[in-house]
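What follows is one structure encoded as structure tokens, with my remarks underneath.
Every number here is computed from the coordinates shown, using simple stated rules; none is lab data. Please read all numbers here as calculations on a predicted model, not as lab measurements. Using ideal geometry, Cβ is built from the backbone for each residue, glycine included, and neighbour counts are taken over all protein chains shown.
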Ligand code: SDX
């Protein structure tokens, strides 16, 4: 709380209606409107929550104008360069980077909980082989609510921490199984001789008839993708997880709701949409037509992978992943891939186009992550599933923060524009 107030003038200009101003550690202050309805009989109106702080949080901070992203205060550029995914996961979930002993214990917890219950594997057989991996993940993660009867008192810290670890530990196997099942290959189990990121690759691409050899360049690339996608403050899917958690729903059901929200093409589904768009464009020569469509007010077409609700400068994650994408393409001998040529030309044109400059539409992380994942062998239908594996850390971190805060149920109001009271006369 600060000693500053915003004065709300309603009708009588002389009346004083002070609203407290709340200050965070950094970022915009907030007008505390919690008493507005009771005291003034007024609601605030902010569909899309562009100007609304839905909660207070100490996990991630974004400055859209500076292109700044901090996980627990550390710049994403430093974490991406100096940490592995396990360390970043510990930082987000527990507030601090782990020392050697804490890291070893955290990694052991992840190894102890990364297997899927044999009956969970039977859920996959209920899906068609061509089911979208996100449809499978929504179903399987939600179904985990039916397991772990031993520790379902989510008001107890121990049960909260166990559920959080179980979700982070199991998500790579859940995602990989949705791919191998669709490919008609046997579902693979984690190999605890590998680190978290490499284990995900072996479950995705390993074959039962030959040993899986980890390519360290690809392992580093998938680890970077997971670090960059781990959390992003109150984005749509995290807000969904928080809303579900506020009702007291169990964490598996909350994350199933988050996965469903992430699937949308305006959110985590954008990386898959970027690849479909680039494939549809086909060659750099067709880019001017596409850019023209993107600028046409009457055309719903959006340039996928461009723009962001918060970053009105550049997405710092895009700058980091762009370099790795070029390195991996070169490592794989794909530096002349038509897809990358089209992407780089689209990026060049969009960044020099008056419309995109004026609307501050820069490439976001999804613009490059799809190209990188495709080069690594992930089918485009798996891109958002990879995003979900990474964002599970952010989702459970916000779930833990909300549980520890003792948050009441979220219940937004509305500006009603329907019929006034009328009598039913038959
Ligand atoms: C993610 O929230 C998060 O943090 C999300 C995320 C995370 O880590 O969780 O960062 C992950 O979702 C990244 C964003 C991925 N989505 C896409 O790449 C899809 C394409 N982008 C657009 O759908 C759009 O940019 C949004 C949804 C991302 C952001 O939209 P905004 O900020 O709400 O902007 P808007 O839709 O109100 O558009 C503002 C103007 C509009 O023009 P006007 O009506 O003002 O004339 O910009 C235009 C839009 O038409 N515009 C675009 C555009 N994005 C916005 N025009 C063409 N192509 C685009 N991509």
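Modelled spin labels at residue 192 and residue 337, positioned 7 Å past Cα toward Cβ, are 3.5 nm from each other. Set against the 2.2 N^0.38 Å expectation for a compact globular protein, the chain has a Cα radius of gyration ratio of 1.05. Backbone N atoms of region 359-382 closer than 18 Å to the 7 Å Cα→Cβ label point of residue 207 belong to residues 376-379. Cα centroids of region 1-53 and region 170-240: 45 Å apart. Full extension of the chain between residue 74 and residue 102 yields a length gain of 8.2 nm, computed as 0.36 nm times the residue separation minus the alpha carbon distance. I'd like the FRET efficiency for residue 145 and residue 115, computed as 1/(1 + (r/R0)^6) with the beta carbon distance as r and R0 of 22 Å, rounded to 0.05. Calculated value: 0.80. Our estimate of slack between residue 279 and residue 183, defined as 0.36 nm per intervening residue step minus the Cα-Cα distance, is 32.4 nm. Here the simple spin-label model places points 7 Å from the Cα toward Cβ, and for residue 63 and residue 135 these points are separated by 4.5 nm. The value for region 318-426 of Rg(Cα) / (2.2 N^0.38 Å) is 1.74.
Taking square-rooted eigenvalues a ≥ b ≥ c of the alpha carbon gyration tensor, is region 281-353 rounded, prolate or oblate, where a/c under 1.5 means rounded and, failing that, a/b exceeding b/c means prolate? Taking the square roots of the gyration eigenvalues as a ≥ b ≥ c, region 281-353 is oblate.
For region 50-190, the ratio of Cα radius of gyration to the globular rule of thumb 2.2 N^0.38 Å stands at 1.24.
Here each label is just a point 7 Å from Cα along the line to Cβ, and for residue 158 and residue 326 those points are 5.3 nm apart.
Estimated purely from DSSP H runs of n ≥ 4, each contributing -39500 (n - 2.57), the mean residue ellipticity at 222 nm for the chain is -15500 deg cm²/dmol once divided by its residues. Peptides 39-48, 71-80, 327-336 ranked from most to least packed, by the mean per-residue count of other Cβ atoms within 10 Å: 71-80, 327-336, 39-48.
Let me know the shape class of region 206-324, please: from the alpha-carbon gyration tensor, a ≥ b ≥ c as square roots of the eigenvalues, rounded when a/c is under 1.5, otherwise prolate if a/b is greater than b/c, or oblate. Oblate, since a/c reaches 1.5 and b/c is not below a/b. When each of the peptides 185-193, 122-130, 358-366 is scored by how many other beta carbons lie within 10 Å of its residues on average, the order from highest to lowest is 358-366, 185-193, 122-130. Judged by the mean number of other Cβ atoms found within 10 Å, the most tightly packed of the peptides 385-391, 176-182 leads the ranking 385-391, 176-182.
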